[in-house]
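A quick write-up on the structure given underneath.
Where a number appears in this text, it was derived from the coordinates with a stated rule and is not lab data. Since this is a predicted model, take the numbers as computed values, not measurements. Positions of Cβ are backbone-derived with ideal geometry, glycine not excepted, and every protein chain shown enters the neighbour counts.
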Amino acid sequence: MSNDKRKVALVTGITGQDGAYLAELLLSKGYIVHGLKRRSSSFNTGRIEHIYQDPHEKDQRFILHYGDMTDSTNLIRIVQEAQPDEIYNLAAQSHVRVSFETPEYTANADGIGTLRLLEAIRILGLEKKTRFYQASTSELYGLVQEVPQRETTPFYPRSPYAAAKLYSYWIVVNYREAYGMHASNGILFNHESPLRGETFVTRKITRAAAAIRLGKQDKLYVGNIDAKRDWGHAREYVRGMWLMLQQDKADDYVLATGETTEVRQFITWAFEDVGIHLEWKGTGVDEKGYDQLTGKVVVEIDPRYFRPTEVDLLLGDPTKAQEKLGWKHETSVRDLCREMVNEDLKVMQTATVMKEA
Ligand code: NDP
Ligand code: GDR
């Protein structure tokens with residue numbers, strides 16, 4: 001395929017979990033992929049190292065630009081340079097607990113940042129050329145209004161993160177209606193993988209289970225283990241993002257598995273996967289997970305991980321995505337947990353071997 005026939009995509013948040021999987025998918029489909037990456041004092045490109053292309057090579061298909069969602073002129077320049085057919089706006093301060101500590105920054109990056117990108121498209125006259133995907137979230141549902149949650153379920157955000165994402169959701173709908181832009185919201189329920197950030201609960205658990213198994217850590221401290229989440233595999237969810245932008249008409253879609261699991265259950269599975277069988281005793285903040293074999297406490301509650309306002313239950317209904325996009329999740333939450341634990345064991349064992357060598 002010659003360069004000029006290739007589709008061009010711009011992915012913000014390309015160094016994150018979803019950005020890495022999406023970049024892989026788009027490259028496999030022959031796209032030229034531009035990515036926005038933040039300047040950082042240490043490497044933040046670990047997840048995309050395997051697809052990184054030396055800028056000295058000819059026929060560049062993977063091009064990184066320094067940028068930030070809080071910098072309008074930078075975004076305009078990058079959109080102008082890339083002239084993308086599709087923009088995937090994945091960049092965000094994406095940690096719900098952290099958004100209570102940094103609410104203003106979160107609003108700026110996750111809320112106004114989306115507006116900046118949409119305006120960049122308009123300022124450059126690309127409304128009819130550039131399709132837009134917005135990383136909306138099941139956190140918009142917040143305080144339970146209806147179960148399962150679907151596209152028509154009312155929103156009730158419960159964090160600065162969710163409130164910022166609510167603004168983004170509606171500004172995307174507004175630009176679609178006001179300017180005829182092909183702009184879609186993917187309302188994605190939690191999706192995880194071995195590339196998941198280490199401070200999100202699933203990865204924190206699978207890393208801790210592996211580390212405890214290998215004698216590198218004694219205990220796992222967690223917050224609210226009663227919370228329930230609809231967890232799917234990130235690799236499958238980025239395919240849904242792409243499908244949304246291939247439709248004739250832009251629209252908003254829920255991507256979910258339709259199954260919900262308690263954090264406590266996920267912990268039990270992860271420990272089981274490293275051969276530690278847990279017994280839960282006590283209630284509230286005094287609840288503890290004991291290793292049945294040794295009687296040692298390996299899981300404890302630390303209230304510092306509680307959120308001022310919590311989202312207790314997420315369970316999505318992906319029927320619309322199934323019917324209109326032909327999208328369906330494949331990996332069960334049980335298999336997802338196993339895959340993450342196995343990867344973490346592998347990474348830690350390799351690190352130990354390297355250190356010893
Ligand atoms: P990650 O936290 O793994 O990645 C976030 C990305 O955004 C990183 O590349 C990060 O860069 C970048 N970023 C953060 N702040 C800025 C900024 N100010 N300017 C430019 N880039 C920035 O998130 P995920 O990959 O898990 O999620 C992708 C998107 O989907 C996010 O918007 C998230 O809110 C949303 N979402 C995620 C769900 C999930 O379950 N994973 C579910 C629903 C929605 P750096 O690497 O430098 O930190
Ligand atoms: P969430 O994911 O808030 O759903 O947002 P996270 O994994 O952080 O929390 C899930 C649930 O687990 C509870 N929890 C803990 N969470 C963390 N991080 N650390 C702990 O120690 C801990 N103990 C219990 C939380 O209280 C919560 O109920 C993710 C992000 O990816 C968002 O960007 C995205 O929009 C939503 O998923 C859908």
Max mean-square fluctuation residue, GNM over the chain, Cα-Cα springs under 10 Å, options 90, 124, 166: 124
The chain: most fluctuating residue of 43, 271, 100 per GNM, C-alpha cutoff 10 Å: 43
Once the Cα gyration tensor of the range 7-133 is diagonalised, semi-axes √(5λ) in Å: 23, 19, 12
Highest-fluctuation residue, 95, 65, 182 considered, GNM on the chain with Cα pairs under 10 Å: 95
Computed [θ] at 222 nm, helices only, for the chain once each DSSP H run of length n ≥ 4 contributes -39500 (n - 2.57): -11000 deg cm²/dmol
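Going through the range 274-341, which trypsin sites (Lys or Arg not before Pro) have at most 15 other Cβ atoms within 10 Å and a DSSP loop state? Walk me through the intermediate numbers first.
On the way: sites: 281, 288, 296, 304, 320, 324, 328, 334, 338; in loops: 296, 328.
Loop-located and lightly packed - 296, 328.
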Three principal axis lengths of the chain [C-alpha, angstrom, descending]: 66, 54, 38
DSSP beta bridges in the chain [antiparallel fraction, %, rounded to 5]: 20 percent
Relative contact order [Cα under 8 Å, 6+ residues apart], the chain, whole percent: 16 percent
When each of 281/328; 29/249; 216/328; 216/288 is checked by Cα-Cα distance, pairs over 27 Å: 281/328; 216/328
Global geometry of the range 161-262, whether rounded, prolate or oblate, following the gyration tensor of its Cα atoms and the 1.5 cut on a/c: prolate
